Amino acid sequence: MLKLGYVAMLAFTVLGSFWLEVALKVRVLRRVRRWALSILPIAILFVLWDAYAIAHHHWHFDTNQILRIYGPFKIPLEEFLFFLVVPLAALMTLEAVRNVKKHWIVGDEK
Amino acid sequence: MSYTQIAVSAVLLALVLDLFVLRTSLIMRKVFWTSYAIILPFQLLTNWWLTSRNIVMYDAGSIIGTRIASAPVEDLLFGFALILGVQSSWVYLGRRGV
């Protein structure tokens, strides 16, 4: 149970944002190409930052509170999921604000 | 480079991306700051969870030491750069019809 400390944070973020997809019909998830291309380049930069920070001991993780599944550069699985879940939540929030404030300019209007 | 230096650089890079590379100018728009105002309390809450329980721990020599809701202030810069970078890319791609 203790190993799910970081996973719990990710689950909370998903629960706290993905309901917008249904309730406010923000339609972020279904635009797969757009969200994938928005997130991928930025996420790669942050993964490189994470790799550097872990290698230089800027931060480290309690191995009792993570799943202990690692990707490249000794980065825990939770970190990779973080760079997917948090950006998706940010995009859903942006689209939710757009849906509520329809006269506000976002910058991609036709 | 310390976490502080990288975090400040990341925010500057995100601003350059938004204003001059992708030219989305999100930081000039109410929609961005409103979404950020919604996201920020959740970031503070999740950061607090990760840091107060020592799920993530920081090297004292890599941060300036100021903490907000138990997390290094640098984390706020990290989050801002991540959010602005992704949202700016999203708007850019939308404008291009992706």
With the contact rule set at Cα under 8 Å and sequence spacing of 6 or more, what percent relative contact order holds for chain A?
42 percent
If you scale each eigenvalue of the Cα gyration tensor by 5 and take the root, what three semi-axes come out for segment A:2-87, rounded to whole angstrom and sorted largest first?
26, 17, 8
Kindly provide the Kirkwood hydrodynamic radius of segment B:3-95 in Å, to one decimal, from all pairs of distinct alpha carbon atoms.
14.1 Å
Electrostatic dipole magnitude of segment A:42-110 [Cβ: Lys, Arg +1; Asp, Glu -1; Cα centre; debye, to 20]:
220 debye
Could you tell me which of A:Val32, B:Ile39, A:Thr13 has its Cα farthest along the dipole of the protein assembly as shown towards the positive end, charges placed at Cβ (Lys, Arg +1; Asp, Glu -1), taken about the Cα centre?
A:Val32
The ³J(HN,Hα) series, computed from each phi in segment B:29-38 with the Karplus coefficients 6.51, -1.76 and 1.60 at θ = phi - 60°, rounded to the nearest Hz and given as x for glycine or proline, is 10, 4, 4, 5, 5, 5, 5, 5, 5, 6
Note on the protein assembly as shown: alpha-carbon gyration tensor, axes a ≥ b ≥ c; rule is a/c under 1.5 for rounded, else prolate if a/b larger than b/c, else oblate; result prolate
Rounded to 10°, Cα long-axis angle of helix A:5-23 versus longest principal axis of chain A:
10 degrees
Taking the Cα atoms only, what angle lies between the long axis of helix B:74-95 and the longest principal axis of chain B, rounded to 10 degrees?
20 degrees
Treat every Asp and Glu Cβ in the protein assembly as shown as -1 and every Lys and Arg Cβ as +1, leave all other atoms uncharged, and give the resulting dipole magnitude about the Cα centre to the nearest 20 debye.
980 debye
Diffing segment A:65-74: the Karplus 3J(HN,Hα) column from phi (6.51, -1.76, 1.60, θ = phi - 60°), in whole Hz with x for Gly and Pro, holds 10, 10, 6, 6, 9, 10, x, x, 6, 6
Options B:Ser9, B:Gly61, B:Thr24, ranked by Cα towards positive dipole end of chain B, top entry (Cβ charges):
B:Thr24
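Averaging sequence separations of C-alpha pairs under 8 Å and six or more residues apart, then dividing by the length of segment B:3-95, give the relative contact order as a whole percent.
Normalised by residue count, the contact order of segment B:3-95 is 46 percent.
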Pseudo-spin-label distance B:Gln5 to A:Lys101, built 7 Å along Cα→Cβ, given in nm, is 3.7 nm
Taking springs between alpha-carbon atoms closer than 10 angstrom, which of B:Ser35, B:Ser25, B:Ser70 fluctuates most in the Gaussian network model of chain B?
B:Ser35
Once you charge only the Cβ atoms, +1 for Lys and Arg and -1 for Asp and Glu, what is the size of the charge dipole of chain B about its Cα centre, to the nearest 20 debye?
420 debye
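Any read-out appearing in this document is the output of simple, stated calculations on the displayed coordinates, not a laboratory observation. The shown structure was predicted, so the numbers you read here are calculated from the model rather than taken from an experiment. Methodologically, a virtual Cβ is constructed for each residue, glycine included, from the backbone with ideal geometry; neighbour enumeration extends over all protein chains shown.
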